[in-house]
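Have a look at the structure below before the remarks.
The values are calculated or read from the model by the stated rules, or taken from the named source; none is laboratory data. Bear in mind that the values here come from a model prediction, so they are computed numbers and not experimental data. Counting neighbours? That spans all protein chains shown, and the Cβs are built from the backbone with ideal geometry, glycine included. When the accessible area is computed, the model is the full protein with side chains, heavy atoms only, and any ligands, DNA or RNA have been set aside. Shrake-Rupley method; radii C 1.70, N 1.55, O 1.52, S 1.80 Å.
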Amino acid sequence: MIVVLVVNYEEFGRMSLRFKEVIDSESETKIPRPLDLGRRQTLDLGNGSEIVYISKFVSSDQAWTWFDFLNQHIPWTRPTIRVFGRSVVQPRDTCYVVNPGLTTYSYSGYKPHAYTWDDFPPLKDILNAVHEALPGSSFNSLLLNRYKGGNDYVGWHSDDEKLYALNQEIASVSFGCERDFLLKKKSNKTSQRRNDEEPPAKKSKKSSVADTHSFVLKHGSLLVMKGYTQRDWMHSVPKRLKAEATRINLTFRHVSRYILNMTLHCFRGGFLTRLWMLPLRNWDCP
Ligand SMILES: O=C(O)CCC(=O)C(=O)O
Ligand SMILES: [Fe+2]
């Protein structure tokens, strides 16, 4: 039986948000551990963008087992990146995993080493659990982030690089210390580059309440950015000085087939190219 409730959802926000809470009581009994799809909240951002948040995606014990593995065995690096023409040390550790043969990911002048799923077998278990929780999804790459304390953060950005479809779904799994996850609607003039230079509060103008949302991402939770969230919204995990413990976050993504993306990269900018590529931009590959 599916029950739809509209609740005043204050836990996640500085402002009061209206959420639909969907409780699928059947899934609680039928789906085996580690999945717990009993509590799934959706936030409609409008214009085809949506956030889904599952606070207990995996049990706390399972989440700590994965946290310990990732903390110890991932070859974390803290690269130097280019932001607004300056070299800065990225304010968190990172690692990148992708299916062999797909377009290489790069951002802010940094091209991470591409590890494979076979390098870290427990990542396959997490990927399987995400696929089970999100029927129809087919993620083929993963960006890992480790925040070693409240000084580590990710600035305002959207994950709208050309190697992803415009309406790509991103699944974000969190382990360890709880941190705030903020969403802000893009203005027409908003820069779409990553901004790891400063905490968001210093750079951005005040947004209206309807144009900002905030979640507390719990240990073992899953947050999904759906539809046009990357095109129309930015997100960040700001500094929180009281958050002393380590947090690990995994964002599962879907890279579209490499030939299409290589072509897009080669001809980027040409009006005619954009025109004939238009129907292909949202082409989703298995
Ligand atoms: O740590 C998070 O929750 C978000 C990470 C993120 O947005 C990214 O790596 O693109
Ligand atoms: Fe992101």
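This table checks each residue for (1) more than 11 Å from ligand 1 (Cβ to nearest atom); (2) at pLDDT 95 or above.
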residue: Ser221; (1), (2): no, yes
residue: Val224; (1), (2): yes, yes
residue: Met234; (1), (2): no, yes
residue: Ile248; (1), (2): no, yes
residue: Arg253; (1), (2): no, yes
residue: Ser256; (1), (2): yes, no
residue: Leu260; (1), (2): yes, no
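I'm trying to understand the selection: among the residues of segment 240-256, which are within 16 Å of ligand 2 (Cβ to nearest atom) and either of a type in the set (Ser, Thr, Tyr) or assigned to a loop (DSSP other than H, G, I, E, B) (or both)? Break it down stepwise before answering.
Kept after step one, since they are within 16 Å of ligand 2 (Cβ to nearest atom), are these residues of segment 240-256: 247-255.
Residues satisfying the conditions are Thr251, His254.
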(message) On the basis of being within 14 Å of ligand 1 (Cβ to nearest atom) and open to solvent by 20 Å² or more (accessible area, probe 1.4 Å), does Trp156 make the cut?
(response) yes
(message) Among the numbered criteria (1) surrounded by fewer than 15 Cβ atoms within 10 Å (Cβ to Cβ); (2) part of a loop (DSSP other than H, G, I, E, B); (3) at pLDDT below 95, which one does Pro34 miss?
(response) (1)
(message) For segment 165-179, give me each residue that is at pLDDT 95 or above, over 13 Å from the mean Cα position of the chain (by Cα) and of a type outside the set (Gly, Ala, Ser).
(response) Phe175, Cys177, Glu178, Arg179
(request) Could you please find all residues in segment 88-105 being open to solvent by 60 Å² or more (accessible area, probe 1.4 Å) and either within 16 Å of ligand 2 (Cβ to nearest atom) or not in a loop (DSSP other than H, G, I, E, B) (or both)? (result) Val89
(message) Could you check segment 115-147 and list, in sequence order, the residues that are within 16 Å of ligand 1 (Cβ to nearest atom) and over 18 Å from the mean Cα position of the chain (by Cα)?
(response) Tyr115
(request) Select, from Lys162, Lys111, Lys184, the only residue that is in contact (Cβ under 8 Å) with a residue 60 or more places away in the chain, more than 12 Å from ligand 1 (Cβ to nearest atom) and over 13 Å from the mean Cα position of the chain (by Cα). (result) Lys162
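From Ala129, Ala171, Ala114, which residue is of a type in the set (A, V, I, L, M) and surrounded by fewer than 19 Cβ atoms within 10 Å (Cβ to Cβ)?
Values: Ala129 fails: surrounded by fewer than 19 Cβ atoms within 10 Å (Cβ to Cβ); Ala171 fails: surrounded by fewer than 19 Cβ atoms within 10 Å (Cβ to Cβ).
After applying the criteria, what remains is Ala114.
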